[in-house]
Structures are given as structure tokens and as C-alpha cells.
Amino acid sequence: MEIIFAGFGGQGVLTSGLITAEMALSAGKNVTWMPAYGPSMRGGKAYSVVKFSDGVIGGPDYDTPDVVVAMNGPSLEFADCLKDGGLLIVNTDAVDTVPDYNGRIDVVEVACTTLAESVKNIKAANIVSIGAIIKARQIFDIEDAKVALKDYFVSHGKGKFAEANEAALMAGFECVK
Amino acid sequence: MAVTKSVPRLLENPHTLCPGCGHGIVFRLLAEVLEEEGYDQKTILTLGVGCCCNMNPPAWKGDVIQTAHGRAGATATGVKVGRPDLLSIAYQGDGDAYVIGLAETLNAAYRNEPITVITVLNNNFAMTGGQMSWTTMPGQVTVTSPNGRDCDITGLPIKVPEIVASFENVNYVARGTTISAAEINKLKKYIQTAVRNQIEGKGYSMVEVVSPCPTNWRKGVADCAAWMNEEVIPYYPLGELKNNNK
Amino acid sequence: MKELWKGNHAIAEAAMRAGCMFYAGYPITPQTEVGEYLSGRMPELGRKFIQAENEMAACYMLQGAGSTGMRCMTSSSGPGFALKQEAIGYLCSNWIPTVFVNVIRWGPGLGSLDSAQTDYFQATRGGGNGDYRLPVFAPNSIQETIDLMYEAWDMAEKYRNPVMILSEAALGQMMEAVEFPEFKEGPKQSEMDWVWDGVGDRHSFNHGTPLYVDKPRRVREKIETMQENEQRWESYLVEDADYVCVAYGLPSRTTREAVDQLRAEGIKVGLIRPIMVWPFPFKAFAEIKKDVKGIISIETTDAGQVVEDVALATKKMVDGNVPVYGLYTAQKVVRPSEAVAFIKRVIAGEEKEVF
């Protein structure tokens with residue numbers, strides 16, 4: 001499984017990648033996480049790549065991802081490298097028009113920021129997107145994912161935010177039909 | 001009562017310094033101080049690059065690290081990290097410590113590394129044949145200032161001990177000379193104080209020695225002394241620049 | 001239990017566990033986290049950290065501490081690592097065991113922050129004056145970085161020589177799940193027979209001969225011994241391969257993916273992955289079959305560096321004039337799809353051999 005979280009700097013795309021990596025690790029997978037690096041970080045663009053597998057993982061950078069999370073318009077460029085049948089999650093709060101991919105890939109529109117706001121955790125739009133992926137692709141058991149999410153915040157000394165972040169995760173999870 | 005002075009064990013072997021050079025006297029004083037303090041077998045001497053290289057073994061029977069040009073301040077810092085129980089002394093010329101190694105010299109002092117630095121100032125790069133140093137006097141002829149040093153375009157002679165003394169936590173800075181028996185006695189006191197400063201864990205100490213270079217100055221020993229008295233020492237005042245023990 | 005660790009932090013923690021007592025360095029991206037981590041962790045365990053005034057000074061601090069037998073290290077990247085070359089020569093000249101970490105960033109001069117392998121020649125040939133070599137470890141995962149770090153000082157002390165860990169920007173910045181070995185200590189300084197200990201000139205070669213006596217012969221013997229004993233590599237599907245790729249570090253991982261994809265199509269490709277790039281694993285090439293059709297170096301350089309060692313090893317170990325090709329991907333680790341496409345072009349005769 002290869003996932004790109006992309007957006008502007010500040011939208012938490014490194015963190016959402018890292019949390020997903022921790023969820024994969026706790027599910028017993030081999031994992032790599034790589035932050036966007038070098039020139040690709042210029043212009044406020046940021047992304048991180050998470051790969052996990054039961055087998056050996058090749059390079060940490062993306063090649064043909066299974067999932068792309070586009071938190072803003074410019075990030076839609078990553079959709080072009082999605083494998084056929086791959087999943088594009090679009091944050092409709094920051095993307096005006098979603099291109100027509102003619103059925104090559106699955107597109108799921110999620111109002112990440114609005115949903116985060118609805119659970120009074122406006123900073124957690126990135127975590128909403130993780131919930132959406134879990135529902136759309138069943139990559140993790142949602143209960144295990146909740147535990148891993150909580151562990152992540154507790155181990156980073158931010159345990160008091162664990163509950164609010166779980167609400168954001170579930171808002172994303174439940175919005176996907 | 002007659003006093004018999006034997007050659008310190010550290011200097012039993014012959015050296016290859018030029019006749020009239022001040023280095024030999026400084027090494028002798030250092031050897032005496034180390035023996036008297038009981039540290040002649042508990043000292044690692046870091047040599048810079050220049051005429052002090054003449055004191056690599058077998059000339060100096062103590063423990064010597066030969067470092068790169070200018071880097072003795074850093075190397076001696078590392079020695080003290082590796083063996084805090086030993087004395088770590090950097091021995092350098094002015095070209096080494098004040099020109100190419102100005103960064104390492106000032107930064108080791110700035111951090112107040114618990115080492116002792118002895119620098120020999122002879123107003124030129126002696127080892128390579130007498131080129132201009134940052135300590136070359138105004139108008140002084142060297143092989144790279146053949147018309148005499150023009151300070152308008154090359155800077156004024158640098159006074160590193162004065163800079164080091166301005167670092168508030170540095171404990172001991174002195175400047176001596178080898179020009180006379182009386183001054184040599186004072187110089188030994190300075191070296192002894194600097195070494196004790198390190199033994200007692202009081203941080204960084206520096207002694208600069210204004211020293212003749214008959215070979216490259218192309219002067220007899222007497223003329224060297226006369227010139228030093230007239231020009232060099234008035235510019236580089238002798239004595240303790242800083243002694244926080246007092 | 002495995003935990004996710006960033007490559008640079010893992011280097012630092014592994015160094016601590018391997019008995020590193022002193023770190024000196026100067027910050028430069030993309031390896032700054034090594035020093036940052038150690039600035040807190042070293043004093044915690046009563047060890048020493050110095051933020052040096054520059055990269056050269058850091059190395060000479062290592063000369064001082066290393067001469068006393070203390071396990072010490074520095075790390076840098078790009079132009080910072082270039083500044084260390086003079087000192088590496090001095091450490092080799094004086095036979096001082098120390099550990100250098102280069103998290104390579106792309107390009108000469110300021111270069112860029114991109115992940116690359118453009119310091120390969122500097123690492124394997126040496127950027128300083130004189131004839132010297134360093135054993136150079138080239139891990140391709142964070143776990144392997146930890147494991148190789150853990151034995152770096154053992155090898156340095158065995159040969160009384162600096163050793164180098166060659167990482168690359170992406171390997172320093174990425175995270176993987178790893179486990180750390182237990183803490184261990186280096187040999188006692190007082191028990192080493194060559195150290196500078198304040199007593200006198202006893203730091204000779206091990207039989208009492210001063211360091212400056214008969215040096216050229218001793219240097220040559222040391223280099224030859226390291227070349228004979230320390231070649232390390234991993235072979236993947238080499239024996240029956242018609243085409244053998246050679247790649248180290250992160251490109252070896254994506255190349256392996258490419259090998260798997262080509263094998264799935266019935267194309268017999270294999271991979272030699274140097275784990276040490278000096279000494280280069282010439283012996284690995286003995287496994288290559290006689291009628292191999294081509295050897296392909298895949299590397300993150302601009303104009304080809306590893307390919308020269310690949311050509312030398314091919315010349316020495318493989319019969320016939322087997323062509324050697326090079327795929328150089330400059331500022332980006334090769335993607336599996338790029339490697340597959342290149343290898344297919346080689347097979348189709350559309351790529352010109354380098355050697």
C-alpha cells in the first residue's frame with residue numbers, strides 16, 4: 001500500500017502520513033514514511049509518502065500510489081501517477097473543481113476542514129482524511145486505528161487532544177458511504 | 001649555595017632549531033615546568049605546523065600529537081575530552097595560531113576549553129622561509145613584503161592575547177619574551193601559572209612569547225634583541241594581561 | 001518492540017549504543033538531526049558533545065580524542081563533508097580510529113538538499129592528499145544503518161583507521177520501524193597498546209616500530225588486508241541472470257523492485273548490492289554466469305561514479321568483454337518504473353555501454 005498525503009505546508013500532511021505509518025506498524029506491517037524533501041518543498045507545497053506491506057518495501061518515495069490525499073488544488077497533480085483503480089481523496093474545502101478522471105480512478109470528495117470544524121477540532125482536517133481512507137479502502141480495523149491514533153498523541157505528549165482527534169478520525173470515516 | 005641544573009628528561013635528545021631561536025628556550029622552560037609540576041609523563045603536547053615541528057620526537061621525549069596547520073586549538077580540545085586527567089597543551093607559532101588557525105585559536109578560547117596554549121611570536125612565517133605574518137611589524141621586510149609591510153593594505157600587527165583576554169571567562173593570559181635572563185625567569189612564571197591554571201581546572205590559559213628569529217630576520221642575536229626592544233616589545237607589551245586568580 | 005525512527009536520529013542513537021563517547025560537528029542539512037539528537041543525549045549519559053566552530057575543527061577535535069583511544073565521531077553533508085577531507089588524511093596518516101557519517105546531498109559546492117550519491121568518489125577514493133582508504137559502509141535501510149553503525153568502531157579499531165558510514169538525504173530523513181541493540185562499551189583506553197597517554201612516544205605500530213618507519217609498505221599491507229577481508233555485499237537472483245544490476249543504498253531497493261517486476265515478465269535480471277562500497281565487492285562478481293549479457297550500474301549521480309568500480313570488477317572477475325551500462329538519476333532515487341524501462345532499453349540494444 002502506497003499513500004501520498006499532499007497539501008500546503010501547515011495542513012498537516014507530514015503528520016497524517018506519520019500517524020498512518022504508526023497505524024500500519026501497530027497492525028504488524030513493514031512501514032516506510034518519507035517527508036517531501038528538497039525542491040519539492042518549495043512554494044509551500046508539502047507531501048509525505050507512506051508505504052506498508054507484509055513483504056519487503058522498496059524505495060520510500062512514491063512511484064505508482066494506491067491512494068492520494070489532495071488537501072489543496074495543486075496536489076491534484078499527484079492523481080496522475082495513481083495506479084488504475086486507485087483512490088483520490090479530495091479536500092473539497094480547498095479544491096474548487098475536481099477534474100473528471102473518466103472512471104480511471106475512484107474519487108471521494110471529503111470536506112475535511114468542515115468536518116473537522118463540526119467536531120470542534122478545526123486543526124484536524126488531516127486526520128479526517130485518514131478516517132476517509134480507512135473506510136474507503138479498509139486498510140486498517142477502525143478500532144485498532146483509534147488505539148494507534150491515541151498512542152501517537154500520548155507518546156508525543158499531546159494526550160489531551162486524543163479524544164478530539166478520534167472524533168475527527170470518525171468524522172472522516174463516517175462521511176464515506 | 002650552588003644550584004645544579006640538569007637538562008630536563010624531556011629534552012635529553014638534540015633538537016634541530018636554528019641558533020638564536022627563541023623556541024629552544026620556550027621548550028626548555030616548558031620541560032622544566034612540567035617536571036617540577038610532576039606532569040612530564042602526564043602531558044600530551046599538540047604541535048602546530050611551523051618551526052615548532054622541530055620538536056617532534058625524538059627531540060621532545062614527551063607525548064606529541066602533530067596536528068594540521070592552525071588546528072592545534074581544536075586538537076588540544078579533543079585531547080582534553082579524551083583524557084581529562086592529563087595536561088593538554090597546544091604549542092604553536094604566530095602564523096599557525098593567529099593566521100591560518102585564527103578561528104580555531106579564538107573559538108577554543110571563546111568556549112573556555114580547559115587547555116593551555118603557548119604561542120611563539122616571531123613576526124614572520126619562519127618555517128617556510130620568512131613570509132609576512134599578521135604579526136609582522138609595520139615596514140618590516142619579509143620575502144612577501146619585500147618593500148616593507150604596508151599596513152594600509154595588509155592590516156596592523158594582530159594582538160590575539162588581547163582579544164582572548166577580552167573573553168570574560170578566560171582565566172589567564174600573559175605575554176613574555178626570551179630576550180634576557182630576567183625576562184626568561186618571568187616567562188617561566190607565566191608558563192607555570194598557565195599550566196597550574198589547567199591542573200586546577202580553571203579553564204583556558206594562554207602564554208604568548210615574543211621571540212627572535214635571527215635566520216629570517218637576517219640579524220645577529222644582539223641586533224635581534226635591539227630591534228625587539230625598539231620596535232616589537234613596545235607594540236606587544238609584556239606581562240600578565242589577565243590573571244583572575246589575583 | 002519495533003518503533004518508527006527517523007534515519008538521522010537512528011544513526012545518533014546507534015552511535016551511543018556502539019560506545020561513542022564524544023561527538024563534534026557543525027550543523028548542515030540534511031544531517032543536522034544527528035548532532036541535535038546527540039546534543040541532548042550525550043550529556044544525559046555523561047558523554048561529550050561539542051558544537052564545533054566549523055567542520056575542520058570538529059575533525060581535529062576527533063584527532064585529539066581519538067588519539068587517546070576514545071570512541072568518537074562526526075557527521076556532515078555536502079560542502080561540510082568536503083571540509084573534513086584534510087583531517088581524514090591526518091587521521092589516516094596517524095592511524096587514528098574514528099567514525100565519519102556522510103548523509104549525502106546532491107552536487108558540488110552548495111549543491112542542493114536532494115538525496116544523492118554524488119560523494120561516492122570522495123568516499124571511496126578519498127578527497128584529501130596522499131594515498132589512503134577508508135572502509136565505507138553503505139546501508140540501504142534504517143535498520144541496517146543501525147546495525148552497521150554498531151560495528152563501525154570495532155572495524156576502525158581493528159585496522160586503526162577511520163571508517164565512514166555513507167547515508168543519503170532520503171535515508172536520513174525517512175522513517176522505518178527498527179530495533180536497537182543493547183548498549184556496549186569500547187575497549188578501555190588504558191588497555192590499548194598504541195594510544196597517546198601522556199607518557200611518551202609509545203604509539204607505534206603494534207610491534208614497537210615508530211609510526212613513521214617503513215610507512216608505505218605498512219599502508220599498502222593494511223589496504224590490501226582490508227580489501228581481502230572486508231568486502232561485503234548482498235546478491236539477489238544473480239546466478240542465472242542475463243543482466244546483473246549493481247546498486248547500493250536506496251537505489252538498491254528500487255532496483256530490486258525493478259528486478260522483481262522484470263522477473264515476473266520472465267526476464268532474467270539480478271542485483272548485486274554492495275554493503276561496503278570500499279572495499280568494493282569484487283568477489284560478488286564471481287557469481288555472475290559466464291554468458292552474462294550486460295552489467296548495469298544504477299546510481300544517484302549526474303555522470304556516473306559507481307559505474308567505474310562496476311567496470312573494474314567486471315574486467316577482473318567476468319570473462320569476455322562484457323558491456324557495462326550506467327543509469328544515473330542525479331537528484332532522485334531511481335523509480336522502479338524508470339529502472340525497468342532502462343533495463344528493457346539495454347536488452348533492446350538501445351543503450352550504449354559506458355565501458
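Give segment A:1-19 a look and list any residue that's of a type in the set (Ser, Thr, Tyr) and within 10 Å of residue A:152 (Cβ to Cβ), or say none.
Listed by number, the list holds a single entry, A:15.
For residue B:81, state whether it is at the interface with chain C (Cβ under 8 Å from one of its Cβ atoms) and assigned to a helix (DSSP H, G or I).
Judged against the criteria, residue B:81 is a match.
In the set C:87, C:65, C:52, C:82, which member is in the same structural domain as residue C:9 (by TED's automatic domain parsing), within 22 Å of the chain's Cα centre (by Cα), surrounded by 21 or more Cβ atoms within 10 Å (Cβ to Cβ) and among the aliphatic types (A, V, I, L, M)?
Numbers: C:65 fails: within 22 Å of the chain's Cα centre (by Cα); C:52 fails: within 22 Å of the chain's Cα centre (by Cα); C:82 fails: surrounded by 21 or more Cβ atoms within 10 Å (Cβ to Cβ).
Residue meeting the stated conditions: C:87.
Could you please let me know if residue A:15 is within 13 Å of chain C (Cβ to nearest Cβ), part of a loop (DSSP other than H, G, I, E, B) and touching a residue at least 60 places away in the same chain (Cβ under 8 Å)? Quick ask: steps written out before the conclusion?
On the way: within 13 Å of chain C (Cβ to nearest Cβ): yes; part of a loop (DSSP other than H, G, I, E, B): no; touching a residue at least 60 places away in the same chain (Cβ under 8 Å): yes.
No, not satisfied.
Name every residue in segment B:1-18 that is part of a loop (DSSP other than H, G, I, E, B) and within 18 Å of the chain's Cα centre (by Cα), in order of residue number.
Correct list: B:15, B:16, B:17, B:18.
Please state which one of B:11, B:17, B:34 is more than 9 Å from chain C (Cβ to nearest Cβ) and without any contact (Cβ under 8 Å) to a residue 40 or more places away in the chain.
B:17
Looking at residue B:104, is it at pLDDT 95 or above, part of a loop (DSSP other than H, G, I, E, B) and either under 19 Å from residue C:87 (Cβ atoms) or in contact with a strand residue (DSSP E or B) (Cβ under 7 Å, 6 or more places away or on another chain) (or both)?
No: the conditions fail for residue B:104.
Select from segment C:95-140 the residues that are within 14 Å of chain A (Cβ to nearest Cβ) and under 12 Å from the mean Cα position of the chain (by Cα) and list them in ascending order.
Residues satisfying the conditions are C:103, C:104, C:117, C:139, C:140.
Are there any pairs with C-beta distances below 6 angstrom linking a residue in segment C:29-51 that is within 12 Å of residue C:12 (Cα to Cα) and within 14 Å of chain B (Cβ to nearest Cβ) to a residue that is in a strand (DSSP E or B) and of a type in the set (Gly, Ala, Ser), with the two at least 6 apart or on different chains, and if so which?
none
Being within 11 Å of the chain's Cα centre (by Cα) and more than 29 Å from residue C:190 (Cβ to Cβ) is the filter here; which residues of segment B:99-126 pass it? Step through it out loud before you land on a result.
Residues of segment B:99-126 that are within 11 Å of the chain's Cα centre (by Cα), as a first pass: B:116-122.
The answer is B:119, B:120, B:121, B:122.
Can you name the condition, by its number, that residue A:121 falls short on among (1) over 30 Å from residue C:31 (Cβ atoms); (2) surrounded by fewer than 19 Cβ atoms within 10 Å (Cβ to Cβ); (3) of a type outside the set (A, V, I, L, M, F, W, C)?
Of (1) over 30 Å from residue C:31 (Cβ atoms); (2) surrounded by fewer than 19 Cβ atoms within 10 Å (Cβ to Cβ); (3) of a type outside the set (A, V, I, L, M, F, W, C), only one is false for residue A:121: (2).
Quick check on this structure: which one of B:195, B:221 is crowded, with 21+ Cβ neighbours inside 10 Å, on the phi < 0 side of the Ramachandran plot and either touching a residue at least 24 places away in the same chain (Cβ under 8 Å) or of a type in the set (Val, Ile, Thr) (or both)?
None of the other options fit; the residue is B:195.
Which one is nearest to the other protein chains (Cβ to nearest Cβ) among residues in segment C:67-94 that are aliphatic (A, V, I, L, M) and part of a helix (DSSP H, G or I)?
C:87
What residue, among those in segment C:313-335 that are among the basic types (Lys, Arg) and within 14 Å of chain A (Cβ to nearest Cβ), is surrounded by the fewest Cβ atoms within 10 Å (Cβ to Cβ)?
Applying the filter and picking the extreme gives C:332.
What number of residues in segment C:104-135 are farther than 17 Å from residue C:28 by Cα, in contact with an Asp or Glu (Cβ under 9 Å, 6 or more places away or on another chain) and hydrophobic (A, V, I, L, M, F, W, C)?
So the answer is 1.
Among the residues of segment C:131-153, is any farther than 20 Å from residue C:195 by Cβ and modelled with pLDDT under 95?
Checked segment C:131-153: no residue is farther than 20 Å from residue C:195 by Cβ and modelled with pLDDT under 95.
What residue, among those in segment A:135-160 that are in contact (Cβ under 8 Å) with a residue 40 or more places away in the chain and under 14 Å from the mean Cα position of the chain (by Cα), is surrounded by the most Cβ atoms within 10 Å (Cβ to Cβ)?
Taking the candidates together, the pick is A:145.
Of all residues being assigned to a strand (DSSP E or B) and within 11 Å of chain A (Cβ to nearest Cβ) in segment C:160-177, which is surrounded by the most Cβ atoms within 10 Å (Cβ to Cβ)? Just the residue, please.
Step by step, filter segment C:160-177, then rank; the result is C:168.
Give segment C:1-28 a look and list any residue that's touching a residue at least 60 places away in the same chain (Cβ under 8 Å) and within 14 Å of chain B (Cβ to nearest Cβ), or say none.
Result: C:19, C:20, C:21.
Restricting the search to segment B:100-115, which residues are closer than 15 Å to residue B:67 by Cβ and touching a helix residue (DSSP H, G or I) at 6+ places or on another chain (Cβ under 6 Å)?
B:104, B:105, B:108, B:113, B:115
Please specify each residue of segment C:275-289 satisfying the condition of being under 13 Å from the mean Cα position of the chain (by Cα) and either assigned by TED's automatic domain parsing to the domain that holds residue C:136 or aliphatic (A, V, I, L, M) (or both).
C:275, C:276, C:277
Of all residues in segment B:42-63, which are surrounded by fewer than 19 Cβ atoms within 10 Å (Cβ to Cβ) and at pLDDT 95 or above?
B:42
In segment C:96-110, is there at least one residue being among the aromatic types (Phe, Trp, Tyr), farther than 17 Å from residue C:155 by Cβ and in the same structural domain as residue C:195 (by TED's automatic domain parsing)?
yes
Here is a list: C:24, C:15, C:57. Which entry is assigned by TED's automatic domain parsing to the domain that holds residue C:100, within 24 Å of residue C:115 (Cα to Cα), of a type in the set (Gly, Ala, Ser) and part of a helix (DSSP H, G or I)? Give the derivation first.
Working: C:24 fails: part of a helix (DSSP H, G or I); C:57 fails: within 24 Å of residue C:115 (Cα to Cα).
Matching residue, one of C:24, C:15, C:57: C:15.
Taking residue B:110, is it closer than 18 Å to residue B:173 by Cα, out of contact with any Leu (no Cβ under 7 Å at 6 or more places or on another chain) and more than 9 Å from chain C (Cβ to nearest Cβ)?
no
The values are calculated or read from the model by the stated rules, or taken from the named source; none is laboratory data. On a predicted model such as this, the values are computed, not experimentally measured, just so you know. When we count neighbours, we look across all protein chains shown, and the Cβ atoms used for this are built from the backbone with ideal geometry, even at glycine.
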